[in-house]
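Notes follow once the structure below has been shown.
The values are calculated or read from the model by the stated rules, or taken from the named source; none is laboratory data. Values in this document were obtained by computation on a predicted structure and should not be read as measured data. So basically every Cβ, Gly included, is an ideal-geometry build from the backbone, and we count neighbours across all protein chains shown.
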Amino acid sequence: MLERLGAPDEAIAIAKQLREKRLKRMGVTEDMLQPDFHLPEIEIVGDIPSSTVESELVLKIKASDSKYPLDRLRLYVNNVPVNGKEGELLRDSKSQFLERTIPIKLAAGRNKIQVSVLNSAGAESLYANAEVTCTAPRPKPALYAVAMGVSEYANPEWNLKYAAKDARDILERVKARSGSSYGEIKELLLTDREVTKESLGKIRDFLSKATVDDTVLLFVAGHGLLDSKYDYYFGTTDIDFDNPSANGIAIEEFDDLLAELPCLRKSLLIDTCHAGELDEDEKKMLASAQANSNQVVAMLPTGARGMTIKPIEGARGKSEWYDRLQGLFVGPPSRQRVHDPEFRAGAEYALESSEQKNGLFTYAVLEALDGKEGSDANKDGSVTMSELANYVKTRVATLTNNKQSPNVRRVNLEGDFALSKK
């Protein structure tokens, strides 16, 4: 469409690259896409009770496609995928028909169940829907809070002032403000030398006992880097800044870790720069506009959680087309991620301030948890994740004079939960 409209070559190139990334995240290849659009069909068979005292529901489904083989089955409860990040792959059977009985763990209260099927041409069926309220007696849910912050790096030239403190502050504030909402708050703090790629195993063990009713919060602060393919990595203490993929933690690894958990309420907060899905064109633009050769990007005197960027000859500044495309395509499909909301720095830089003694993103989150004016939008005495997201976006933009704008990937309103209560 952009080509037909005569859009600038820059905009067309960015759109193509973002489309390729989107298809990759969806698990769809170019070869799968067909010129016709033929939808498979799926239905839930049998009656679903409106309420149950059972902790599990057995769902029977039938799916078919009269033209293409079925490729995968997707199942959601309260908008959270519960059979894998991409769903259950069916392509090996090369069948155009599926009949399946699926056990589903129910959360306390309302459970909105949706199931769909994709065919080998990349088309997804309409959703088959059911809703059931689970009244089974349950203990008060637990909150699992994990915080990682790296201020001290193997290469001291990259040290930060407040990232480790950010992690400690987040846990302290969550514990102080969330106690009434949960039966127990379990905490895991990893800072500086404790934060390595192997830390994921420790976090996985810590979260292994989380149940469908529990809540998981994962917070990370430090450097965010891009490798030669412009993929994002969180900077572990021993990261190689010239080759971040060697020891860094890829964003997909955080995604996979959270996707493994049965709980429906989970959130990932990232206080680093370049935590969005950036591409080569963006790096050129940022390099031209913001950086000096071989210097860490620092847009304010207070410093930035950045990366080394070298100016590239001929690079242009951000265009209106680029901003539009970034807004349209930077986020993945809403159904593809398992946590909500996720905050990312996107095309901006994550700044830390000696005045606030925190990363400014973290500082705004802490303000929201404290219930600062404006954070509790509906004034009901609690700050939900959706309210926190709106507050943080506005507050960080104000604190940085619009130099930093957090990216909220999505907020799942079906599972909106409060981290702070009066």
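The residues in the range 114-128 that are assigned to a strand (DSSP E or B) and either free of Cβ contacts under 8 Å to residues at least 60 places away in the same chain or touching an Asp or Glu at 6+ places or on another chain (Cβ under 6 Å) (or both) can be counted, and the count is 5. Would the range 157-175 turn up any residue that is in contact (Cβ under 8 Å) with a residue 24 or more places away in the chain and over 30 Å from G371 (Cα atoms)? Yes, that holds for at least one residue. If the condition is being buried (at least 16 other Cβ atoms within 10 Å of the Cβ) and within 14 Å of L218 (Cα to Cα), then the range 235-263 contributes I249, I251, F254, D255, L257, L258, A259, L261, C263.
For the range 87-100: of the residues being in a strand (DSSP E or B) and modelled with pLDDT under 95, which is nearest to C263 (Cα to Cα)?
Just the residues of the range 87-100 that are in a strand (DSSP E or B), to begin with: 88-89, 97-100.
Keeping just the survivors that are modelled with pLDDT under 95 gives 88-89, 100.
Working: E88: 18, L89: 22, R100: 23 Å.
The selected residue is E88.
Is there a residue in the range 129-137 that is of a type in the set (V, I, T), at pLDDT 95 or above, within 30 Å of the chain's Cα centre (by Cα) and farther than 26 Å from D255 by Cβ? Steps first, answer last, please.
Here is the first cut: in the range 129-137, the residues of a type in the set (V, I, T) are 132-133, 135.
Imposing the further condition that a residue be at pLDDT 95 or above reduces the set to 132-133, 135.
Filter once more, keeping what is within 30 Å of the chain's Cα centre (by Cα): 132-133.
Now restrict to residues that are farther than 26 Å from D255 by Cβ: 132-133.
Yes, the range 129-137 has at least one match.
Among the residues examined, E131 does not qualify as surrounded by fewer than 16 Cβ atoms within 10 Å (Cβ to Cβ) and over 30 Å from G381 (Cα atoms). Only one of the listed residues (T196, T133) is part of a loop (DSSP other than H, G, I, E, B) and either in contact (Cβ under 8 Å) with a residue 24 or more places away in the chain or more than 18 Å from V365 (Cα to Cα) (or both). That residue is T196.
Which of the following residues is surrounded by fewer than 17 Cβ atoms within 10 Å (Cβ to Cβ) and modelled with pLDDT of 90 or more: K16, K24, K60? Quick ask: steps written out before the conclusion?
Numbers: K16 fails: modelled with pLDDT of 90 or more; K24 fails: modelled with pLDDT of 90 or more.
That would be K60, the only listed residue that is surrounded by fewer than 17 Cβ atoms within 10 Å (Cβ to Cβ) and modelled with pLDDT of 90 or more.
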